[in-house]
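The next block holds one structure in the form of structure tokens; read it before the comments.
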Amino acid sequence: MIPEPPALADPCADATGPGTYKGYTCGGSTHFITTERISCQDARRKCTRKAEANPGTSFYCTWNDRLVYREEVDAGACNPLVCQISSGTGTYRGYICGSHNFITTNNTPCQDALDNCALNAANNPNRSFVCTWNGTEVFRRELLPGSCDGLP
């Protein structure tokens, strides 16, 4: 098994230089902004402010395709959006919260990772799941809020 890299408390901790900020509202998957030549910290700050000004809306924001902010009003609202804005293949990891890593595969398209995780969650309705693709969370279903905290 390949060890999971540690999650950064600050997704911009090792980010340098200017980049591209993209912001989305989840549910309807609306792209609300693209800003060029912005720092990762400023992108995160802008998305955080937008989310705070719209407390009933779920948000997903990236900087140079790196997730910098994700806030969901309804659990899983942003799950479908992640693969819509991602391309290529990557490492898929799936976790049953409070139990174990049930899968790690390489060279997997994002949508395949999302579909597989959703299928596993549907087949195990009494368990909580979180799955990542290339280190970005693509699926989360918590039966008890916070039960997947500490996982990627």
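The values are calculated or read from the model by the stated rules, or taken from the named source; none is laboratory data. The structure displayed is predicted, hence computed values, not measured ones. Note that we place each Cβ from the backbone using ideal geometry, even for glycine, and neighbour counts take in every protein chain shown. With ligands, DNA and RNA removed, areas are computed over all heavy atoms of the protein, side chains included. Shrake-Rupley method; radii C 1.70, N 1.55, O 1.52, S 1.80 Å.
Summary of values
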| read-out | value |
| --- | --- |
| Segments classed as strands (runs of 3 or more DSSP E), wholly inside the stretch 24-79, with at least 3 members that are modelled with pLDDT under 95 and under 21 Å from Cys131 (Cα atoms) | 59-63, 66-71 |
| Selected residue (only one of Arg70, Arg44 is in contact (Cβ under 8 Å) with a residue 60 or more places away in the chain and touching a strand residue (DSSP E or B) at 6+ places or on another chain (Cβ under 9 Å)) | Arg70 |
| Residues (closer than 18 Å to Tyr60 by Cβ and either of a type in the set (A, V, I, L, M, F, W, C) or open to solvent by 20 Å² or more (accessible area, probe 1.4 Å) (or both)) located in the stretch 84-124 | Gln84, Ile85, Ser86, Ser87, Cys110, Gln111, Ala113, Leu114, Cys117, Ala118 |
| Qualifying residue in the stretch 134-141 (condition: within 11 Å of the chain's Cα centre (by Cα), open to solvent by 50 Å² or more (accessible area, probe 1.4 Å) and closer than 18 Å to Gly27 by Cβ) | no |
